[in-house]
Amino acid sequence: MCVKFERCIDRNRLATQLAVLPHPFKIEIVPETGSTNADLIARVRVSKALEHPIARIAYQQTAGRGRHGRPWFAQSGEALLFSMASSMPRPVNALAGLSLAASTAVLNGLRALPLTEPHRLALKWPNDLLLDGAKLGGILVETIQLTHASSIAVIGVGINLDGERALAAQLDPHANPPAALKRILAEIDITQALAQTLNALAAMLEVFSAHGFAPFQRTWYAHHAYTDCDVILFEQRKEIIRGRCIGIDACGRLQIDTGAEVRLISNGDLSLRLAAP
């Protein structure tokens, strides 16, 4: 299946490492697809149900997406690209903060790997994973309402494992520079990276289903790269808010102290940057 890629997922070893998951997990591995998120969303919309959680993994995505449908670039065969679909005993309007909780879980999963300097990993509101301040990966959460009390969440994850220079060459020169896990992980084991990340996400979903975002609020902010920093929020490259990042609320909204008031920022078409010293 992955002959053209240097690193391949060992299905048998993956199954062993996922044995601790609380529910049976369906694993799908494909050499290439447009978008693993789009694949699962389309399937759920047809079936209107999900008996067991599903993880769909692709070595290559030709139409990967980030927030607001922006293209997601990843070096073919050098990134961990997957989506997890899971039923949630909560309506969509009770899933606030899920993308931040997922980011926390992915960070925990990566830190379970034998990293040389795990402290160099961080989070950036609302859905980025950073390494040395550069973008290592991202999270995309999409939801479908099933009943008045239940929904299905599809969590898409993209993490750069290697090929940092080749990836940088694909991006717009003005885009944030990319990073790859190879900087702090001597031996890239894609099976282990996938297993640790899936295990962490599954554990997060169990807690979130019962308690929402509150159990993750403090941990997420403790790992936020811009904690207690002066920041600027841009909308379509236009500055709209400037102030100090002081926290997030129980719904995952960013709290920025402008000096005159504390503004609560929901996920929008916004870009968060550090203010110049």
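Values computed for the structure shown
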{"item": "Tensor-based shape of region 178-239 (alpha-carbon gyration tensor, a/c under 1.5 rounded, otherwise prolate or oblate)", "result": "oblate"}
{"item": "Helix runs (DSSP H) in the chain reaching 27 Å along axis by Cα, Kyte-Doolittle at least 0.0", "result": "190-211"}
{"item": "Antiparallel bridges, percent of DSSP beta bridges restricted to the chain (to nearest 5)", "result": "85"}
{"item": "Relative contact order (%) - the chain, alpha-carbon pairs under 8 angstrom, separation at least six", "result": "19"}
{"item": "Debye intensity ratio in log₁₀ form over the Cα atoms of region 230-274, taken at each q of 0.31 Å⁻¹", "result": "-1.22"}
{"item": "Shape call, the chain: gyration tensor on alpha carbons, a/c limit 1.5", "result": "oblate"}
{"item": "Sequence-distant lysines (8 or more away, or on other chains) whose Cα lies within less than 22 Å of Lys182", "result": "Lys4, Lys124, Lys135"}
{"item": "Reachable lysines from Lys48, criterion Cα separation under 18 angstrom, eight or more residues apart if same chain", "result": "Lys26"}
{"item": "In sequence order, calculated HN-Hα J values of region 235-246 (Karplus, 6.51, -1.76, 1.60; Hz; x Gly/Pro)", "result": "10, 6, 6, 10, 5, 10, 9, 9, x, 9, 7, 10"}
{"item": "Kirkwood hydrodynamic radius (C-alpha pairs) into Stokes-Einstein, region 134-197, 10 °C and 1.306 mPa s, D in µm²/s", "result": "113"}
{"item": "Region 230-274, relative contact order in percent, only Cα pairs under 8 angstrom and at least six apart counted", "result": "39"}
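Only the coordinates and a few stated rules stand behind these numbers; no lab work does. This structure is a prediction, so every number in the text was calculated from the model and none was measured.
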